[in-house]
Amino acid sequence: MKNYKIIDIHTHTYPEAIAAKAVRNLAAFYELEIDGDGTYADLEAESAKVGVAGFLLFSVATNAHQVEKVNDSIAALAERSRQDGFETVGFAGMHQDYPDFAAELDRAERLGLKGVKIHPDIQRFDLLDKRMYELCEIIEGRMTLYLHVGDPRPEYRFSEPKKLAKLLDRFPKLEVAAAHLGGYGAWDEAERELAGRPNVWFDTSSALWAMTPERAVELIHAYGSDRVMYGTDYPIKEQSDELSRFFKLDLTEKEREDILYNNAKRFLRL
């Protein structure tokens, strides 16, 4: 097989002291078996085997008190990754109850973090909440907002693609990455609401194992193969299995190269 350059655009890592607990909580929330142990060391070791060139690292702040610790940890892990020779960027975490978005995002930028990651369903932070508007006012035109989008369960409707569409209408200069091919378990709605929006990027994480290869290719082409990036959603999936799924997609060589590396390099401004 050809050696492709790869950036994994969707990875969650945790300090070793809390990684096991974080993975158990993740498994309970999604009712899934988790493949990785959640540590950066595990992510790097597994990724090095298949030649991954870099990562986007982030973590989710599940309460306001975690925000600064999360951001310090991600900044340190991103620096460690770069020292190990990877093209790696970290994004900040934020929580809706944090008292001063602007001050912490200023600090996050000083730490070298390039965007903001929000998981509306785990955080119970609705995309149309007025506090989301406040956050978007601060980062629009400045930082990228990376969002978990979609959940088929009726009790988790905080990140529906149609809500993201309304948010984008309100903030037309906001750059957003809509994870999971635009909407975990809500792909028809995601295609209808998000395709053709020039300021939206997408990743393949936690999507390829949940749909046919044919449907994945349809979505990639609907969004534009120049706007889609490869991601594992580590620790949910490891590289070998996710790459196996990816290479089953009927894509051109250019599309593969773009999704695995080139698009992420543009998105992260490397």
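The values are calculated or read from the model by the stated rules, or taken from the named source; none is laboratory data. Here the structure is a predicted model, which is why all the values come from computation and not from measurement. Methodologically, a virtual Cβ is constructed for each residue, glycine included, from the backbone with ideal geometry; neighbour enumeration extends over all protein chains shown.
Please list, ordered by first then second residue, the pairs with beta carbon atoms under 6 Å, 6 or more apart or interchain, first in region 242-270 and closer than 15 Å to residue 231 by Cβ, second at pLDDT 95 or above and of a type in the set (Gly, Ala, Ser).
Between residues of region 242-270 that are closer than 15 Å to residue 231 by Cβ and residues that are at pLDDT 95 or above and of a type in the set (Gly, Ala, Ser), the close pairs are 249/216; 258/225.
Given the conditions (1) part of a helix (DSSP H, G or I); (2) touching a helix residue (DSSP H, G or I) at 6+ places or on another chain (Cβ under 7 Å), report the number of the one that residue 8 does not fulfil.
Of the numbered conditions (1) part of a helix (DSSP H, G or I); (2) touching a helix residue (DSSP H, G or I) at 6+ places or on another chain (Cβ under 7 Å), the odd one out for residue 8 is (1).
Please indicate, with yes or no, whether at least one residue in region 100-107 is under 26 Å from residue 161 (Cβ atoms), basic (Lys, Arg) and more than 18 Å from the chain's Cα centre (by Cα). Quick ask: steps written out before the conclusion?
Just the residues of region 100-107 that are under 26 Å from residue 161 (Cβ atoms), to begin with: 101, 105.
After this cut, where a residue has to be basic (Lys, Arg) as well, the list is none.
Within region 100-107, not a single residue is under 26 Å from residue 161 (Cβ atoms), basic (Lys, Arg) and more than 18 Å from the chain's Cα centre (by Cα).
Identify, from the list 75, 108, 61, 102, the residue that is among the small types (Gly, Ala, Ser) and touching a residue at least 40 places away in the same chain (Cβ under 8 Å).
Numbers: 75 fails: touching a residue at least 40 places away in the same chain (Cβ under 8 Å); 108 fails: touching a residue at least 40 places away in the same chain (Cβ under 8 Å); 102 fails: touching a residue at least 40 places away in the same chain (Cβ under 8 Å).
Going through 75, 108, 61, 102 in turn, the sole match is 61.
Does residue 98 meet the test of being surrounded by fewer than 18 Cβ atoms within 10 Å (Cβ to Cβ) and among the hydroxyl-bearing types (Ser, Thr, Tyr)? Can you show your working first?
Details: surrounded by fewer than 18 Cβ atoms within 10 Å (Cβ to Cβ): no; among the hydroxyl-bearing types (Ser, Thr, Tyr): yes.
So residue 98 fails the test.
I need the full set of residues from region 178-209 which are farther than 28 Å from residue 142 by Cβ and over 17 Å from the mean Cα position of the chain (by Cα), in order please.
188, 189, 191, 192, listed by residue number.
Here's a check for you: in region 27-50, which residue that is touching a residue at least 24 places away in the same chain (Cβ under 8 Å) and among the small types (Gly, Ala, Ser) is surrounded by the fewest Cβ atoms within 10 Å (Cβ to Cβ)?
If we filter region 27-50 for residues that are touching a residue at least 24 places away in the same chain (Cβ under 8 Å), which is where we start, we get 29-30, 32, 34-44, 46-47, 49-50.
With the extra rule that they be among the small types (Gly, Ala, Ser), the set shrinks to 36, 38, 41, 47.
Working: 36: 22, 38: 24, 41: 13, 47: 23.
Looking at residues that are touching a residue at least 24 places away in the same chain (Cβ under 8 Å) and among the small types (Gly, Ala, Ser), I get 41.
Taking only region 221-270 into account, find how many residues are within 29 Å of residue 27 (Cα to Cα), part of a loop (DSSP other than H, G, I, E, B) and among the hydroxyl-bearing types (Ser, Thr, Tyr).
2
Kindly indicate which of 189, 175 is within 16 Å of residue 148 (Cβ to Cβ), surrounded by fewer than 24 Cβ atoms within 10 Å (Cβ to Cβ) and of a type outside the set (Lys, Arg). Even if it seems obvious, please write down each step before you answer.
Working: 175 fails: within 16 Å of residue 148 (Cβ to Cβ).
Exactly one residue qualifies, and that residue is 189.
What's the number of the condition residue 117 fails, among (1) more than 13 Å from residue 11 (Cα to Cα); (2) outside any loop (DSSP other than H, G, I, E, B)?
Unmet for residue 117, out of (1) more than 13 Å from residue 11 (Cα to Cα); (2) outside any loop (DSSP other than H, G, I, E, B): (1).
It is to be established whether one or more residues within region 80-89 are outside any loop (DSSP other than H, G, I, E, B), at negative phi and in contact with a strand residue (DSSP E or B) (Cβ under 7 Å, 6 or more places away or on another chain). Break it down into steps so the answer makes sense when it comes.
Pass one, region 80-89, residues outside any loop (DSSP other than H, G, I, E, B): 80-83, 89.
Imposing the further condition that a residue be at negative phi reduces the set to 80-83, 89.
Among the residues that remain, those that are also in contact with a strand residue (DSSP E or B) (Cβ under 7 Å, 6 or more places away or on another chain) are: 81, 89.
Yes, because at least one residue in region 80-89 is outside any loop (DSSP other than H, G, I, E, B), at negative phi and in contact with a strand residue (DSSP E or B) (Cβ under 7 Å, 6 or more places away or on another chain).
Give just the number: which of (1) in contact (Cβ under 8 Å) with a residue 24 or more places away in the chain; (2) on the phi < 0 side of the Ramachandran plot; (3) not in a strand (DSSP E or B) does residue 17 not satisfy?
(1)
Scan region 76-85 for residues that are surrounded by 20 or more Cβ atoms within 10 Å (Cβ to Cβ) and among the hydrophobic types (A, V, I, L, M, F, W, C) and jot them down.
The initial filter retains those residues of region 76-85 that are surrounded by 20 or more Cβ atoms within 10 Å (Cβ to Cβ), namely 77-78, 81.
Selection gives 77, 78.
Answer yes if at least one residue in region 220-231 is touching a Lys or Arg at 6+ places or on another chain (Cβ under 8 Å), within 22 Å of residue 122 (Cβ to Cβ) and crowded, with 22+ Cβ neighbours inside 10 Å, and no otherwise.
Among the residues of region 220-231, not one is touching a Lys or Arg at 6+ places or on another chain (Cβ under 8 Å), within 22 Å of residue 122 (Cβ to Cβ) and crowded, with 22+ Cβ neighbours inside 10 Å, which makes the answer no.
Looking at region 51-66, which of the residues that are surrounded by fewer than 24 Cβ atoms within 10 Å (Cβ to Cβ) and not small (Gly, Ala, Ser) is farthest from the chain's Cα centre (by Cα)?
65
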